[in-house]
1. When the range 118-130 is examined, which residues are found to be closer than 18 Å to Thr92 by Cα and not polar (S, T, N, Q)?
2. Select from the range 77-106 the residues that are under 14 Å from Val140 (Cβ atoms) and touching an Asp or Glu at 6+ places or on another chain (Cβ under 8 Å) and list them in ascending order.
3. I'd like the full set of residues that are within 14 Å of the chain's Cα centre (by Cα) and within 14 Å of Ser144 (Cα to Cα), limited to the range 88-107.
4. Out of Ser129, Ser99, Ser136, Ser144, report the one residue that is among the small types (Gly, Ala, Ser) and modelled with pLDDT under 95.
5. For residues that are among the β-branched types (Val, Ile, Thr), more than 13 Å from Asn70 (Cα to Cα) and surrounded by 18 or more Cβ atoms within 10 Å (Cβ to Cβ), tally how many sit in the range 93-141.
6. Taking the range 142-157, which residues are surrounded by fewer than 19 Cβ atoms within 10 Å (Cβ to Cβ) and more than 22 Å from Thr74 (Cα to Cα)?
7. Do any residues in the range 107-125 that are assigned by TED's automatic domain parsing to the domain that holds Val142 have Cβ atoms under 9 Å from those of residues that are acidic (Asp, Glu) and assigned to a helix (DSSP H, G or I), where the two are at least six apart or on different chains, and which pairs are they?
Amino acid sequence: MGPVLRGVLLTALAVAVGIGVLSSISRIHATTNPTAAVTASSTTTTVPAPTTTTTLATHPPASVRVLVANGTTTKGSAGKLAAKLNSDGYDTLSPTDTSSPANASAVYYAPGYQGDADAVASASGLTSSAVQPLSSSVPVTVGSAEVVVIIGPDIAASV
């Protein structure tokens, strides 16, 4: 059973137990206090629907191969970011340059690595809006990387 399904089931179980407890408290209170029975019968209790948060699975950083590519003319930015990610525990590949200039930074991920890409984006100073699936339009040879960071002009000076 995956962690998302387990979380949904635990949330549903918690809501069911909560409703059961509230229901039994109402019955006990109604039995011991006849005035409360009249009030309880005319009162409607609304239980808010549980909110769910999807947390994407991640792998241990040391098992995630990350390629950092510089898409700008700022020299050394790919090496600096690769060194930072390596110190964060990621298995960084040799930094490189993109085959064409990047308009903005992006983090690409292979199937099953979206959670890792979100974590790498955050560690790189990017938001999850910069994260997207790997495609043939990535301006670098991906090789064995599961996550690819393209440095654009928006973060080149800050890495």
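1. Step one: filter the range 118-130 for residues closer than 18 Å to Thr92 by Cα, giving 118-126.
Correct list: Asp118, Ala119, Val120, Ala121, Ala123, Gly125, Leu126.
2. Matches in the range 77-106: Ala78, Ser105.
3. First, pick out the residues of the range 88-107 that are within 14 Å of the chain's Cα centre (by Cα): 107.
Within the range 88-107, none qualify.
4. One residue alone meets the criteria, Ser136.
5. Pass one, the range 93-141, residues among the β-branched types (Val, Ile, Thr): 96, 98, 107, 120, 127, 131, 138, 140-141.
Right, trim to more than 13 Å from Asn70 (Cα to Cα) and you get 120, 127, 131.
After this cut, where a residue has to be surrounded by 18 or more Cβ atoms within 10 Å (Cβ to Cβ) as well, the list is 120, 131.
Qualifying residue count for the region: 2.
6. Gly143, Ser144
7. Val107/Asp118; Tyr109/Asp116; Tyr109/Asp118
The values are calculated or read from the model by the stated rules, or taken from the named source; none is laboratory data. Everything numeric here is computed off the predicted structure, so don't read it as measured data. Positions of Cβ are backbone-derived with ideal geometry, glycine not excepted, and every protein chain shown enters the neighbour counts.
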